[in-house]
Amino acid sequence: MKKAPWVDKEECISCGLCVANLPDVFRFDDDNKAECYDPAGAPEEEIQSGAIDACPVSCISWDSDLEYLRNFG
């Protein structure tokens with residue numbers, strides 16, 4: 001895995017669009033903010049169009065930081 005979607009939780013408005021569009025990739029955390037829990041849950045193209053491009057506040061982006069990617073095994 002070279003990159004995974006990352007949610008800027010300070011910008012997230014909890015609209016649920018990414019969770020609704022890609023429930024195998026995104027979920028709500030305990031603070032009702034979106035988070036990526038399985039970047040392998042959908043193809044990159046679907047994540048790009050269904051979450052990154054669709055987010056109304058543009059708080060989802062790709063992250064390639066090795067420390068972040070370790071969260072996904």
Point to revise | Within the stretch 7-37, tally of residues that are of a type outside the set (D, E, K, R) and buried (at least 19 other Cβ atoms within 10 Å of the Cβ) | key: 8
Review point. Which one of the conditions (1) more than 12 Å from the chain's Cα centre (by Cα); (2) part of a helix (DSSP H, G or I); (3) in contact (Cβ under 8 Å) with a residue 12 or more places away in the chain does Glu11 fail to meet, given that it meets all the rest?
Key: (2)
Exercise for review: Go over the candidates Asp24, Asp63 one by one and state the one that is in contact with a Gly (Cβ under 9 Å, 6 or more places away or on another chain), modelled with pLDDT of 95 or more and among the acidic types (Asp, Glu).
Suggested key: Asp24
Check your understanding: Can you tell me how many residues in the stretch 41-70 are over 10 Å from Trp6 (Cβ atoms), surrounded by fewer than 12 Cβ atoms within 10 Å (Cβ to Cβ) and of a type outside the set (D, E, K, R)?
Key -> 5
Review point. In the stretch 19-40, how many are within 10 Å of Pro5 (Cβ to Cβ) and in a helix (DSSP H, G or I)?
Key: 1
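The values are calculated or read from the model by the stated rules, or taken from the named source; none is laboratory data. Just so it is clear, the structure is predicted and the values come from calculations on it, not from any experiment. For neighbour counting, all protein chains shown are included, and Cβ atoms are generated from backbone atoms with ideal geometry for every residue, glycine included.
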